[in-house]
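The values are calculated or read from the model by the stated rules, or taken from the named source; none is laboratory data. If you're wondering where the values come from, they're calculated on a predicted model, not measured in any experiment. For neighbour counting, all protein chains shown are included, and Cβ atoms are generated from backbone atoms with ideal geometry for every residue, glycine included.
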Amino acid sequence: MTKMEVFKYLLDTLTAAGTCGAVFVALWLSRGTAKKASADAEARAGLVAAHHLNHVRNIAALARKLAVLLPASRASWANQAELRVPIALLERESLQTMGLDVLAQLLPLADHCASRLGRSIGELSTLLESIDSMSSLWCAANAELRSAWIERWADQAQLTALNLEIVLDECAQAASTHAPSITAAELGLENPLTTRRGTDA
């Protein structure tokens with residue numbers, strides 16, 4: 001092997017090593033950037049959770065109320081000609097507020113919290129639509145059919161309430177853990193986190 005060949009071999013080896021080193025550095029830097037972006041996204045999601053925590057509480061309270069109210073009222077509602085389930089306007093507003101745009105902002109939260117919240121809200125909304133749609137048909141149904149519907153609604157409400165209790169705890173934890181690292185002003189929310197926390201306390 002001539003000196004020129006040895007020199008070329010060494011040069012190729014150094015070039016290959018330099019390329020590998022550059023790739024390693026680029027991967028290391030991109031990993032750090034990705035981790036920071038992920039942490040920032042989770043922090044923003046935590047602040048959104050803090051801002052909407054009262055809505056999640058209202059929705060969970062509605063599911064609990066239906067889970068308790070429906071079985072207790074089965075006998076009276078099965079025999080009355082009109083179906084009237086007391087659902088507060090605030091509870092309906094909370095369901096409407098927690099739409100797809102808000103849930104999308106909560107997606108970076110850990111443990112699929114946003115998807116579970118979305119599924120629970122969907123189940124509860126479907127339950128309310130079912131109750132609303134049956135109101136006009138209630139007078140034509142017999143007591144046995146009414147009891148069957150009430151039992152089905154109660155089971156659905158109880159399952160949704162259990163899921164929402166878990167989600168509510170996760171949202172509250174995310175709000176207290178991640179939200180402090182980003183301000184409400186940066187996110188464009190009206191109320192600063194300190195005010196929201198003071199209200200929730």
Legend entry - The listed residue being part of a helix (DSSP H, G or I), surrounded by 14 or more Cβ atoms within 10 Å (Cβ to Cβ) and modelled with pLDDT under 80, out of SER125, SER176: SER176
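Hey, among ASP111, ASP132, ASP155, which residue is more than 25 Å from PRO71 (Cβ to Cβ), without any contact (Cβ under 8 Å) to a residue 60 or more places away in the chain and surrounded by fewer than 18 Cβ atoms within 10 Å (Cβ to Cβ)?
Numbers: ASP132 fails: more than 25 Å from PRO71 (Cβ to Cβ); ASP155 fails: more than 25 Å from PRO71 (Cβ to Cβ).
It is ASP111.
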Legend entry - Residues (buried (at least 19 other Cβ atoms within 10 Å of the Cβ) and more than 11 Å from HIS55 (Cα to Cα)) located in region 91-101: none
Inset, instruction - Kindly indicate whether any position in region 154-165 is farther than 21 Å from LEU103 by Cα, at pLDDT below 85 and not in a loop (DSSP other than H, G, I, E, B). - result: no
Inset, instruction - Find the residue count for region 82-115, including only residues that are among the charged types (D, E, K, R) and outside any helix (DSSP H, G or I). - result: 2
